[in-house]
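The values are calculated or read from the model by the stated rules, or taken from the named source; none is laboratory data. Note that the structure is predicted; figures quoted are calculated from it, not measured. Ideal geometry is used to build each Cβ from the backbone, glycine not excepted, and the neighbour counts take in all protein chains shown. Accessible surface areas use protein heavy atoms only, side chains included; no ligands, DNA or RNA. Shrake-Rupley method; radii C 1.70, N 1.55, O 1.52, S 1.80 Å.
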Amino acid sequence: MSFSAPKLCVADVSMTFRTPTGSFHALAPVTLSIPQGRFVSLIGPSGCGKSTIFNIIAGLLEPSGGRVLIDGVDATGTIGRVGYMLQKDLLLPWRTVLDNTILGMEIQHVPLRAARERALPLLHRYGLAGFEYLYPNALSGGMRQRAALLRTLLFDTDVILLDEPFGALDAQTKLKMQEWLMQLWSDFSKTVLFVTHDVEEAIYLSDEVHVMGTRPGRIIASIPVPLARPRVRGSTLSPDFLVIKERCLELLHLDPTASEPVNEAA
Amino acid sequence: MSVQDTPTVGAMARLERAQPKPEAARPAAVRRLPVQKDWPTWALIAAQIGILVGALSLWEIGARTGWIDAFFWSQPSAIADTMKIFFTTGDAWTDISFTFRSTIFGFLIGTTAGSLLGLSFWWSRNYAAIVQPYVICLESIPKLALAPLIILVFGIGLVSKVAVATALTLVVSTLTAYAGVKALDADSEKLFYSLGATRLQVFRKLVIPFCLPWIISVLRVNIGLALTGAIVGEFIASQHGLGRTILYAGQTYDIALVWVAVLVLSTLAMVMYAAVSWLESTLRKGVRQ
Ligand SMILES: Nc1ncnc2c1ncn2[C@@H]1O[C@H](COP(=O)(O)OP(=O)(O)O)[C@@H](O)[C@H]1O
Ligand SMILES: [Mg+2]
């Protein structure tokens, strides 16, 4: 492990979209530096450019300025370097769950049989046993997310980008999926960049939380989460946790005491 | 009697004030869900056969009593005789084979070429933008109006009939496959590229399987169009085919032969339609697996 170069570095990346009415400054220069094996979250109001950052890191969008470095090497505008789970699960309805999860390997020319042999034990271990040969439309929301996440993992890159993977799930499924993701992360020691709009989720999962602001999108604060791992559900009620949560909510202008209209009127 | 059925005087008075004309017989109209009783299948089939036999008998009797003009309408017995002759000493098999081949070749060429053309629009937005107006023009032209020209160019043989059938099916397949391409989710493409896919990989593993249901959905329409094209081609100029037989028989007032050829043609159409429906459902299952 190298301590000199972070695993993933987003250096002064900015983005201006050309629109029919002119140009839209979506991202002010954003800088992120993520060491190997960390779990880092981005939170921020919708439209602040979280998905845009991800698209730039994944090489799907050329930034207007700045560079993306992976292992210290310039990876700006190159695809296939990171695993990227988009906001939708995008499972292909004509492929079985198993064949959906091996899509990345297939594209990288891993022979079909070898790819399936690698994927099957993971599907079994991570809660998709019995679903391998079903088609995605037979799966619940949680199961679909699992399949999409395993597809991202099986692509076998060191860095993984997860864009609101649990955004559409009900509260209970979401909690279950968080535990599941923690298990996966500690088993695979990947570097994870995670987008969510759920502050508690971000803190519970992460080593560091970056809070973003809008107009233009930028990082307004980076808050380390020094809570011990493995974390348990109860830690979301610990004073340390609550302090961090309050700080985040404040930064997002969601502080419950500040937004109370009764208080403001008084 | 329950308490609810005997309201107090006060309640009654209130009710009457609110509704000057109280509904006298409210519970009288008990309605049930209308239920249709299904006949057994044999009864349905018997009814269908009965209608057919009845109609044919009326036709035959009408023709024999002079109530129906047999010169213009022919009659079932004469049609049956002509059918026998058509299949024993006549050109039945030559004609069927000719029409069948024109239809199938036109169907296959038009559907394949059209689908490929529609899919090809995925490769380049510029190319699609340039070619699209031409495809739309082609669609708006009534292709059958061009049939005489096609016959002139391709001669009176099989090739010209195939060409007319192709012209009819090609545009439908092109536009349908292109509709599939346009419905493709940009995020799915993003997913593929994020996994480091090449354009060819995206085309083979995403675009084609995604558009197949579209392509398959026009097969049944296209077989009908191809048959229409083949018949119209034969009407214009041909030496063989069921269409040519219908035209020839009509011109020589051989009305029984017209009926025979139409019957054979309908049977051919039904057989091909059934075969394509089977193909469609098989392909659909294949696509999902
Ligand atoms: N291709 C584009 N053209 C113009 N504007 C865009 C484009 N993509 C995103 N945007 C704008 O950039 C902003 C950030 O978008 P996005 O990254 O999707 O936000 P988030 O994921 O944080 O909700 C939004 O205001 C969005 O409208
Ligand atoms: Mg987003």
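If we keep just the residues of the stretch A:61-97 that are open to solvent by less than 10 Å² (accessible area, probe 1.4 Å) and farther than 19 Å from A:T157 by Cα, which is nearest to the other protein chains (Cβ to nearest Cβ)? Out of the qualifying residues, it is A:L92. Just name the residue that is modelled with the highest pLDDT out of those in the stretch A:53-92 that are of a type in the set (S, T, N, Q) and within 13 Å of ligand 1 (Cβ to nearest atom). Checking each candidate, the answer is A:N55.
Okay, residues lined up against (1) within 14 Å of chain B (Cβ to nearest Cβ); (2) under 13 Å from A:Y84 (Cα atoms):
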{"site": "A:E106", "(1), (2)": "yes, no"}
{"site": "A:G130", "(1), (2)": "no, no"}
{"site": "A:Y133", "(1), (2)": "yes, no"}
{"site": "A:T152", "(1), (2)": "yes, yes"}
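Taken over the stretch A:129-148, the criterion of being over 15 Å from A:T173 (Cα atoms) and among the aliphatic types (A, V, I, L, M) is satisfied by A:A129, A:L134, A:A138, A:A148.
Taking (1) more than 16 Å from ligand 2 (Cβ to nearest atom); (2) surrounded by fewer than 20 Cβ atoms within 10 Å (Cβ to Cβ); (3) assigned to a strand (DSSP E or B) in turn, A:F17 satisfies each apart from (1). Taking residues in the stretch A:33-60 that are among the small types (G, A, S), and partners anywhere that are assigned to a helix (DSSP H, G or I), the pairs with Cβ atoms closer than 7 Å and at least 6 places apart or on different chains are A:S41/A:A202; A:S41/A:L205; A:G44/A:K50; A:A58/B:S194. Strands (runs of 3 or more DSSP E) fully within the stretch A:24-140 that include at least 2 residues being under 18 Å from the mean Cα position of the chain (by Cα) and within 16 Å of ligand 2 (Cβ to nearest atom): A:39-43, A:83-85. Can you name the residue in the stretch A:141-163 that is assigned to a helix (DSSP H, G or I) and charged (D, E, K, R) and, of all such residues, is least open to solvent (accessible area, probe 1.4 Å)? If we take residues in the stretch A:141-163 being assigned to a helix (DSSP H, G or I) and charged (D, E, K, R), then A:R151 is least open to solvent (accessible area, probe 1.4 Å).
Let's see how each residue does on (1) more than 26 Å from A:R38 (Cβ to Cβ); (2) in contact (Cβ under 8 Å) with a residue 12 or more places away in the chain; (3) in contact with a helix residue (DSSP H, G or I) (Cβ under 7 Å, 6 or more places away or on another chain):
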position: A:S64; (1), (2), (3): yes, yes, no
position: A:T76; (1), (2), (3): no, yes, no
position: A:L92; (1), (2), (3): yes, yes, yes
position: A:L98; (1), (2), (3): yes, yes, yes
position: A:E106; (1), (2), (3): yes, no, yes
position: A:A115; (1), (2), (3): yes, yes, yes
position: A:L128; (1), (2), (3): yes, yes, yes
position: A:E132; (1), (2), (3): yes, yes, yes
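Condition first: among the hydrophobic types (A, V, I, L, M, F, W, C) and over 15 Å from B:S120 (Cα atoms). Now tell me which residues in the stretch B:180-224 satisfy that. B:A186, B:L191, B:F192, B:L195, B:A197, B:I216, B:V218, B:L219, B:V221, B:I223, listed by residue number.
If the condition is being over 19 Å from B:G196 (Cα atoms), within 11 Å of ligand 1 (Cβ to nearest atom) and among the β-branched types (V, I, T), then the stretch A:31-52 contributes only A:I43.
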